[in-house]
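**Q** One structure coming up, written as structure tokens, with questions to follow.
The values are calculated or read from the model by the stated rules, or taken from the named source; none is laboratory data. Nothing here was measured: the structure is a model prediction, and the numbers come from that model. Cβ placement follows ideal geometry from the backbone for every residue including glycine, while neighbour counts extend to all protein chains displayed. The area values use the complete protein model at the heavy-atom level, side chains included, leaving out ligands, DNA and RNA. Shrake-Rupley method; radii C 1.70, N 1.55, O 1.52, S 1.80 Å.
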Amino acid sequence: MAREPHQRDRSRDRDDRDNEFVDKLVHINRVAKVVKGGRRFGFAALVIVGDQKGRVGFGHGKAREVPEAIRKATESAKRSLIRVPLREGRTLHHDVHGRHGAGKVFLRAAPPGTGVIAGGPMRAVFETLGMQDVVAKSLGTSNPYNMVRATFDALKHQDSPRSVASRRNIKVSTLQGRRREGADATDASAD
């Protein structure tokens with residue numbers, strides 16, 4: 001039975017949407033379930049998915065085989081994408097803290113050419129997000145699940161000048177002007 005033309009187009013659109021995403025495997029954990037005959041082993045995977053243009057998500061999947069766990073985690077990550085506003089498409093607009101459980105992270109905006117200075121799971125988040133310049137520090141736990149969740153908590157609190165201006169009903173140029181005046185005042189007091 002031949003498929004309808006519009007069904008073919010829909011499956012092609014889904015394939016195109018899947019191809020635009022980059023996924024990174026962050027962590028695989030072997031888990032055991034104790035049953036009457038002994039232990040049954042399974043695998044848990046943590047995957048980060050992003051389009052390298054400001055959208056990123058993470059997912060967790062468990063299965064008896066590693067490839068199936070990775071596939072489940074990737075599907076879960078695609079369902080939980082968030083959009084992060086980036087300054088000039090390369091760094092954060094402002095410094096931000098994030099936390100989840102015992103995981104605490106601190107993210108700082110960086111000048112051009114700095115690169116991604118971050119460790120382990122945080123680096124995977126920034127690379128799939130498409131961020132080129134950022135300085136990040138993880139404080140507290142080194143558990144990859146909590147580090148990733150803390151990083152996402154910090155990224156969710158990231159605000160662009162456009163969103164702040166619309167919330168306060170003022171123009172972006174007014175907001176940016178105030179920021180520059182404050183910087184000039186601190187430079188004058190340093191002299």
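**Q** So how many residues does the stretch 67-76 have that are farther than 10 Å from A44 by Cβ and among the hydrophobic types (A, V, I, L, M, F, W, C)?
**A** 1
**Q** Right, another one. Considering only the stretch 68-144, give the strands (runs of 3 or more DSSP E) lying wholly within it that have at least 3 residues that are touching a Gly at 6+ places or on another chain (Cβ under 9 Å).
**A** Because the criterion is at least 3 residues that are touching a Gly at 6+ places or on another chain (Cβ under 9 Å), the strands (runs of 3 or more DSSP E) in the stretch 68-144 that meet it are 103-109, 134-140.
**Q** Still on this structure, please answer the following. Does R149 satisfy the criteria of being in contact with a His (Cβ under 7 Å, 6 or more places away or on another chain), in contact (Cβ under 8 Å) with a residue 40 or more places away in the chain, of a type in the set (D, E, K, R) and open to solvent by 10 Å² or more (accessible area, probe 1.4 Å)?
**A** Yes: the conditions hold for R149.
**Q** Here's something else I'd like to know. Among all residue pairs at least 6 apart or on different chains, which show Cβ distances below 9 Å where the first residue, located in the stretch 152-171, is closer than 18 Å to V96 by Cα and the second is acidic (D, E) and surrounded by 12 or more Cβ atoms within 10 Å (Cβ to Cβ)?
**A** none
**Q** Which residue, of A124, A136, is open to solvent by less than 20 Å² (accessible area, probe 1.4 Å) and under 13 Å from G50 (Cβ atoms)?
**A** Criteria check complete, one pass: A124.
**Q** Tell me which strands (runs of 3 or more DSSP E) are completely within the stretch 14-67 and hold 1 or more residues being open to solvent by 50 Å² or more (accessible area, probe 1.4 Å), touching a Pro at 6+ places or on another chain (Cβ under 9 Å) and in contact (Cβ under 8 Å) with a residue 40 or more places away in the chain, or say none if there are none.
**A** Of the strands (runs of 3 or more DSSP E) lying wholly inside the stretch 14-67, those with at least 1 residues that are open to solvent by 50 Å² or more (accessible area, probe 1.4 Å), touching a Pro at 6+ places or on another chain (Cβ under 9 Å) and in contact (Cβ under 8 Å) with a residue 40 or more places away in the chain span 22-35.
**Q** Additional query: Within the stretch 83-115, can you find the residues that are open to solvent by 20 Å² or more (accessible area, probe 1.4 Å) and in contact with a strand residue (DSSP E or B) (Cβ under 6 Å, 6 or more places away or on another chain)?
**A** R83, H93, D95, H97, A102, K104, F106, R108, A109
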